[in-house]
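Everything below concerns the one structure shown next.
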Amino acid sequence: MQEEAEGLSYRTALAEALSELVSLWWSPSVRRVLVDAAGEELGVTEARIVWELGRRRHLRPGELATLLDIGAPSVSKATVKLRQRGLVIAGTDAADSRMRPIRLSPAGIAAARRLYDIGDTLVSRVVSGWDEREVATFAAHVMRFLREATPLTKQEAWDIDGQDESAGVPPADPATDDGSNKPEFRG
């Protein structure tokens with residue numbers, strides 16, 4: 001089989017590009033560079049927790065485990081290290097006294113800010129040859145893609161058989177679909 005010899009990839013250029021981007025951005029080597037450049041002596045898991053808490057303000061340990069797709073023991077071990085360094089504190093939950101949401105301390109907020117600043121610097125370097133309009137247009141398209149993709153990721157199941165070009169693409173509404181939103185497939 002030719003595909004086995006060459007390996008598999010997405011049939012759409014956009015899906016392939018997004019896959020490569022996610023793989024690059026979340027690769028251990030890039031995460032390590034970002035953490036090191038921020039001047040933080042954090043493991044990759046601890047840095048991810050600081051980053052997520054920076055975005056979401058506070059999370060329960062179980063929420064962190066789900067979000068990061070790691071086990072509860074890994075979250076517990078990482079948050080103990082972060083607490084010992086003074087980067088996170090356990091809060092209280094009025095609705096459930098057994099649950100102690102984790103949030104960043106002032107030092108943790110500063111560490112998260114450094115991580116975000118390094119990410120901003122990296123992205124700025126990538127698009128340094130682009131004009132402002134290209135950057136704004138790209139950002140707008142990515143945000144639109146994210147808005148439209150998010151509800152699809154919450155669907156329990158699609159009728160995906162992998163046999164036709166529309167596999168993985170939800171059915172169009174015939175009342176509103178003019179056919180122009182069909183993805184382009186490489187062939």
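Inclusion of ARG55 among residues that are outside any loop (DSSP other than H, G, I, E, B), at negative phi and surrounded by fewer than 13 Cβ atoms within 10 Å (Cβ to Cβ) is warranted.
Tally time: how many residues in region 78-104 are in contact with a Lys or Arg (Cβ under 7 Å, 6 or more places away or on another chain) and modelled with pLDDT of 90 or more? Residues that pass the stated criteria total 4. Confirm whether ARG31 is under 22 Å from LEU122 (Cα atoms), loosely packed, with under 15 Cβ neighbours inside 10 Å and of a type outside the set (A, V, I, L, M, F, W, C). So ARG31 does not fit the description; no. When the test is whether a residue is out of contact with any helix residue (DSSP H, G or I) (no Cβ under 9 Å at 6 or more places or on another chain), surrounded by fewer than 14 Cβ atoms within 10 Å (Cβ to Cβ) and not in a helix (DSSP H, G or I), LEU21 does not pass it. Whenever a residue of region 65-78 is farther than 16 Å from TRP51 by Cα, its partners that are surrounded by 13 or more Cβ atoms within 10 Å (Cβ to Cβ) and of a type in the set (A, V, I, L, M, F, W, C), lying with C-beta atoms within less than 7 angstrom and at least six residues away or across chains, give the pairs GLY71/ALA65; ALA72/ALA65.
Which residues, counting only those in region 58-74, are in contact with an Asp or Glu (Cβ under 9 Å, 6 or more places away or on another chain) and either β-branched (Val, Ile, Thr) or assigned to a loop (DSSP other than H, G, I, E, B) (or both)? ARG60 - this is the single residue of region 58-74 that is in contact with an Asp or Glu (Cβ under 9 Å, 6 or more places away or on another chain) and either β-branched (Val, Ile, Thr) or assigned to a loop (DSSP other than H, G, I, E, B) (or both). As a summary of the residue check, GLY86 satisfies the conditions (1) surrounded by fewer than 17 Cβ atoms within 10 Å (Cβ to Cβ); (2) in a helix (DSSP H, G or I); (3) over 16 Å from the mean Cα position of the chain (by Cα); (4) not hydrophobic (A, V, I, L, M, F, W, C) except for the one numbered (2).
The values are calculated or read from the model by the stated rules, or taken from the named source; none is laboratory data. Small disclaimer: the values here were computed from a predicted structure and weren't measured. For neighbour counting, all protein chains shown are included, and Cβ atoms are generated from backbone atoms with ideal geometry for every residue, glycine included.
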